[in-house]
1. Which aspartates and glutamates, on any chain, are close to K92 with Cα under 17 Å apart, when same-chain ones fewer than 8 places away are left out?
2. List the pairs from K189/K231; K213/K297; K171/K224; K119/K463 whose alpha-carbon separation is above 22 Å, in the order I gave them.
3. Please give the length that would be gained between I473 and K531 if that part of the chain were fully extended, namely 0.36 nm times their separation in residues minus their C-alpha to C-alpha distance (nm, one decimal).
4. So, R0 is 45 Å and r is the distance between the beta-carbons of T49 and T517; what FRET efficiency does that work out to, to 0.05?
5. Based on the Cβ-Cβ distance of D293 and A440, what FRET efficiency does E = 1/(1 + (r/R0)^6) give at R0 = 30 Å, to the nearest 0.05?
6. For the pair E113/Q367, report the inter-label distance in nm, with labels modelled 7 Å from Cα in the Cβ direction.
7. So if we plug the beta-carbon distance of F328 and S187 into 1/(1 + (r/R0)^6) with R0 = 41 Å, what FRET efficiency do we get, rounded to 0.05?
8. Before I look further, what does the range 247-374 give for accessible area per residue, probe 1.4 Å, in whole square angstrom?
Amino acid sequence: MRTRDRVLPLLSLFLLCSALCVAQSPAKETTASVSGRVTISGKGAPGITVVATLSRSMFESGTVAKTVTDEDGNYKLTGLAAGRLMIMPLAKAFVVGNAGSYKQPSQSVNVAEGETVTKIDFALLRGGVVTGRITDAEGHPIIGERVSVVTKDTDQGTAVQMMMLDRSRNKTDDRGIYRVYGLGPGSYKVSVGQEAAGGAVSVMGMGGSQYQKTFYPGVQDEAKATIIEIKEGTEVTNVDISVGKPGGGFSVTGRVINADSGQPVGNIYIGHSSVDGSSQQLGDINFTGNQTDANGKFKLEGLQAGHYALFTFSVGQDNSTYSEPTLFEISDSDVSGIEIKLRRGATIAGVAVLENNSDPAAAALLQTVNLFTSVQAKGVAAPSYARSQIAADGSFRFVGLAPGKARIWMQGFPSQAKGLTLVRTELEGLEQPEGIEVAAGANVTGVRLVFAYGTGSIRGEVKLEGSLPEGMILQLNVRSAPGENRQFNRSPEIDARNHFVLENVPPGNYELTLRATTSDHKDASSIQPVKQNVTVTNGAEAHVTFVLDVTSKGGSQ
């Protein structure tokens with residue numbers, strides 16, 4: 001599941017795009033304000049630009065207000081509408097507290113209509129800098145290579161996602177020199193290149209490299225990487241890395257054929273993954289842009305010794321085939337004669353409906369939805385994904401699926417259709433909460449996707465009795481109440497003021513559960529979760545107040 005959870009957001013980013021949707025609810029009044037103070041070394045920082053952005057998704061945000069701090073570092077943002085705002089001073093060379101790499105100083109604030117929010121303060125530290133030079137084995141500069149500077153304990157797959165979201169950052173210049181600034185105090189690893197076997201997820205043209213991943217001071221074993229210590233406002237120089245020749249390692253050649261006809265299949269992408277020898281599970285997945293030629297032949301280079309699986313990767317909605325993974329091992333030489341067989345994939349077809357709204361404008365939003373499905377198979381199985389849009393008559397169709405259990409969800413890029421929620425998947429009238437079982441080559445029909453349209457919202461706050469233990473955070477889950485025939489499950493963010501808001505909620509009954517957890521989402525055993533039930537109606541805001549006892553006696557509401 002670890003690999004699947006990491007790959008899905010990247011594939012969603014790569015495969016999907018959709019039209020932006022306009023909300024069908026009335027415009028909100030812009031009467032709220034946010035104010036605070038920006039300091040550097042305890043003193044007011046004048047002339048710092050502070051902005052408020054309204055974020056609909058991780059890929060889409062827009063600036064809604066901007067101001068500049070006065071001589072004492074004070075600022076005030078006015079004319080704000082209700083919603084979840086990100087407040088941020090534009091000071092890229094600075095960090096807040098011990099913020100790690102790739103983090104900008106910002107705070108999330110859930111603002112109510114007409115609310116005056118104060119004391120959203122920022123204590124800035126001047127960030128540290130790492131600089132060095134990247135060269136090849138002959139000492140020549142490597143130009144335009146992305147350098148990864150991540151905290152010591154950062155997962156490499158997470159690092160790739162961060163780089164993909166800021167692809168212009170940290171590249172070497174024409175001398176092979178890089179300079180990464182705005183780093184918070186801490187311990188860091190510096191590297192270039194891409195994992196040759198598993199490791200980071202690589203999507204074609206996004207975050208990939210022709211060089212094998214190499215850590216400072218020039219080692220490929222991450223455990224032997226030299227850790228760089230960054231202090232406030234310091235610059236660490238001469239963090240140089242020399243990488244091996246492109247394509248170092250072994251090559252793998254073969255061809256892709258149609259399993260039924262035996263004919264070669266051209267112009268199809270090849271993916272590969274490491275395979276755990278003991279569990280026989282796929283490791284991290286690499287999509288590096290290699291395609292078969294007109295004769296179905298392919299060649300991969302730069303793979304290191306190990307166990308692998310090869311499979312095809314289809315881009316778009318029209319491919320009707322899938323591949324079983326072809327397993328092989330690299331020991332001490334190139335591998336040839338690999339054959340990947342394409343088989344006719346399964347089909348899932350049905351209709352999407354809106355359950356609680358007869359407004360034609362709301363129903364028309366269904367046509368802006370991108371549907372996405374992934375198949376979870378047992379054992380060693382190639383990744384199987386498909387996408388579809390909803391036609392004017394509500395119909396949809398997925399093709400080319402491998403056998404297994406298929407889950408369907410709505411995916412918006414850069415944001416989802418506002419107000420729509422996929423609440424139920426049915427097959428022949430029966431709900432499929434765990435997904436649809438798909439046999440090899442099957443044609444599954446009679447699927448019904450039930451959407452709800454909502455303009456209601458849930459707004460509230462958490463009052464603490466006592467102090468939250470260090471390292472603990474508050475987590476809120478909102479799901480359909482028992483007895484509701486729908487799948488609704490959201491986790492709105494609780495901001496620094498312990499306020500939260502969840503918008504575009506369909507009408508119905510909901511159960512809210514508040515708990516204290518660690519950063520890795522483990523419940524605090526001494527703090528009892530608390531629950532509340534709330535009813536949401538369209539166009540109205542439901543208010544909730546939690547009282548959480550963090551003195552190990554339990555919670556209340």
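The values are calculated or read from the model by the stated rules, or taken from the named source; none is laboratory data. If you're wondering where the values come from, they're calculated on a predicted model, not measured in any experiment. Glycine also receives a Cβ, built like all others from the backbone with ideal geometry; neighbour counts cover every protein chain displayed. Areas reflect the complete protein model, heavy atoms only, side chains present, ligands, DNA and RNA absent. Shrake-Rupley method; radii C 1.70, N 1.55, O 1.52, S 1.80 Å.
1. D121, D166, E232, E235
2. Working: K189/K231 14 Å; K213/K297 27 Å; K171/K224 24 Å; K119/K463 18 Å.
Pairs exceeding the cut-off: K213/K297; K171/K224.
3. Gain on extension, I473 to K531, equals 19.2 nm.
4. Values: r = 35 Å, r/R0 = 0.77.
Working from the Cβ atoms, E equals 0.80.
5. The value I calculate is 0.60.
6. 3.1
7. Values: r = 38 Å, r/R0 = 0.93.
Efficiency at R0 = 41 Å is approximately 0.60.
8. I get 43 Å² per residue for the range 247-374.
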